[in-house]
Amino acid sequence: MPEIKCTVTECDYNKSVECHAPMIQVNRNNTSAANNSDQTKCETFKPKQ
Ligand code: SF4
């Protein structure tokens, strides 16, 4: 797993602005072909309990 910097600190997998999930899944975000990063999303996001 490469180091993944992520500023979504409200995610349960986020520690010190890094992702600590064993793997992440990234999907297109409401489009059939992404043209920029805004059209992608992290599906692994889990809210902190
Ligand atoms: S699972 Fe996704 S949103 Fe959560 S810390 Fe990792 S990259 Fe960020």
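All of the numbers you see were taken from the coordinates with simple rules; none came from a lab. The model shown is predicted, which means the values in this text are computed figures rather than measured ones. A quick note on method: Cβ atoms are made from the backbone with ideal geometry, for glycine too, and the neighbour counts reach across all protein chains shown.
Note on ASN35 and HIS20: their simple-model spin labels are 3.9 nm apart, each label 7 Å out from Cα toward Cβ. Each peptide in 5-12, 29-36, 40-47 was scored by the mean count of other Cβ atoms within 10 Å over its residues; highest first, the order is 40-47, 5-12, 29-36. A simple rule links phi to the HN-Hα coupling: the Karplus curve 6.51 cos²θ - 1.76 cosθ + 1.60 with θ = phi - 60°, which for the range 9-19 gives 6, 7, 7, 4, 7, 8, 10, 6, 6, 10, 7 Hz, with x for Gly and Pro. By the Cα gyration tensor, the chain has an equivalent ellipsoid whose semi-axes, rounded to whole angstrom, run 21, 11, 10 from largest to smallest.
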